[in-house]
1. On the basis of being touching a residue at least 60 places away in the same chain (Cβ under 8 Å), open to solvent by 70 Å² or more (accessible area, probe 1.4 Å) and either more than 16 Å from the chain's Cα centre (by Cα) or within 29 Å of Val60 (Cβ to Cβ) (or both), does Glu129 make the cut?
2. So is Gln55 without any contact (Cβ under 8 Å) to a residue 40 or more places away in the chain and either open to solvent by less than 50 Å² (accessible area, probe 1.4 Å) or within 22 Å of Val10 (Cβ to Cβ) (or both) or not?
3. Just name the residue that is least open to solvent (accessible area, probe 1.4 Å) out of those in the stretch 133-156 that are at pLDDT below 80 and assigned to a helix (DSSP H, G or I).
4. Under 9 Å between Cβ atoms, which residue pairs at least 6 apart in sequence (or on different chains) link something in the stretch 97-111 that is modelled with pLDDT under 95 with a partner that is acidic (Asp, Glu) and surrounded by 14 or more Cβ atoms within 10 Å (Cβ to Cβ)?
5. In this structure, does Ser221 turn out to be in contact (Cβ under 8 Å) with a residue 12 or more places away in the chain and either exposed (fewer than 13 other Cβ atoms within 10 Å of the Cβ) or more than 22 Å from Val74 (Cβ to Cβ) (or both)?
6. Got a number for residues in the stretch 16-26 being open to solvent by less than 10 Å² (accessible area, probe 1.4 Å), in contact (Cβ under 8 Å) with a residue 60 or more places away in the chain and outside any loop (DSSP other than H, G, I, E, B)?
7. Looking at Gly47, Gly90, Gly78, which one is assigned to a loop (DSSP other than H, G, I, E, B) and surrounded by fewer than 19 Cβ atoms within 10 Å (Cβ to Cβ)?
Amino acid sequence: MVGPTRPQFVLFGSSIVQMSFSHGGWGSILSDIYARKADILLRGYYGWNTRRALQILNEVFPKDSSVQPSLVIVYFGGNDSMGSHSSGLGPHVPLPEYIENMQKILVHLKNLSERTRVIALTCPPVNEEKVRRNTSSTIFSELVRTNELCQSYSEACINLCKELDVKVVDLFNAIQKRDGWMEACFTDGVHLAAEGSKIVVKEILKILKEAEWEPCLHWKSMATEYAEDSPYDLVAADGKTTLNPSDWTFHREVQWD
């Protein structure tokens, strides 16, 4: 561990989480936004469903840890919602079991500490045509991924979050509001491209800004580490004062609210 201690934001989920630092991903964007404010920790597992998540939940989030995350952003459902395979193998989890598994995951995360906050992400839509093109090979067998299935699991996640008083991002509908979303938002029809990740970040920041949480976890409300003025800062044009760059954001492609 290195100091000083910062709030921890944990990203927990399947491939959309594991790959969130690739292709201008939403994890990397959050790391930039929260630089010197919070540590973004990645716990993403490509191809996993809620069954596998439950198997390691206590290891990733031990209740007896002396340090608990300030925020957990959790995403499972894309693999659960895939069509079942005739062999019984594969990531598919029936919808009733998915709901039960997600309930166990969310309750566990909420109970980590009084100050641990949770945001769930629902299944995003998919580009069905691109998925079919990418999976029509000798590599995969009976790979079924449809927006009808994604929507049913997304709606189930939203309803569960309402019951548990957990904040939720409706990615299924948020992504479809973007013009040309099927081509712009995905790298392969399933995983997020930079444009898709920007939507994820926008929706997460909206929740963090509007949530009545104490302390507030929106980036503009959090202290910047070592932000005091210094004579070692860059010298201003007047040649007499210095410019503190601690909270400069001009380098960002998007000026996030």
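The values are calculated or read from the model by the stated rules, or taken from the named source; none is laboratory data. On a predicted model such as this, the values are computed, not experimentally measured, just so you know. Don't worry about glycine lacking a Cβ; one is built from the backbone with ideal geometry, like all the others, and counts go over all protein chains shown. Just the protein is used for accessible areas: all its heavy atoms, side chains included, with ligands, DNA and RNA removed. Shrake-Rupley method; radii C 1.70, N 1.55, O 1.52, S 1.80 Å.
1. yes
2. So Gln55 fits the description; yes.
3. So, considering only residues that are at pLDDT below 80 and assigned to a helix (DSSP H, G or I), the one least open to solvent (accessible area, probe 1.4 Å) is Thr135.
4. Once the first residue is modelled with pLDDT under 95 and sits in the stretch 97-111, no partner that is acidic (Asp, Glu) and surrounded by 14 or more Cβ atoms within 10 Å (Cβ to Cβ) comes close enough.
5. For Ser221, the condition - in contact (Cβ under 8 Å) with a residue 12 or more places away in the chain and either exposed (fewer than 13 other Cβ atoms within 10 Å of the Cβ) or more than 22 Å from Val74 (Cβ to Cβ) (or both) - is not met.
6. Going through the stretch 16-26 one residue at a time, the tally reaches 1.
7. The unique qualifying residue is Gly47.
For every residue, the table says whether it meets (1) under 18 Å from Asn111 (Cα atoms); (2) in contact with an Asp or Glu (Cβ under 9 Å, 6 or more places away or on another chain).
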{"residue": "Ile16", "(1), (2)": "no, no"}
{"residue": "Ser28", "(1), (2)": "no, no"}
{"residue": "Ser31", "(1), (2)": "no, yes"}
{"residue": "Tyr34", "(1), (2)": "no, no"}
{"residue": "Tyr46", "(1), (2)": "no, no"}
{"residue": "Asp64", "(1), (2)": "yes, no"}
{"residue": "Ser81", "(1), (2)": "no, no"}
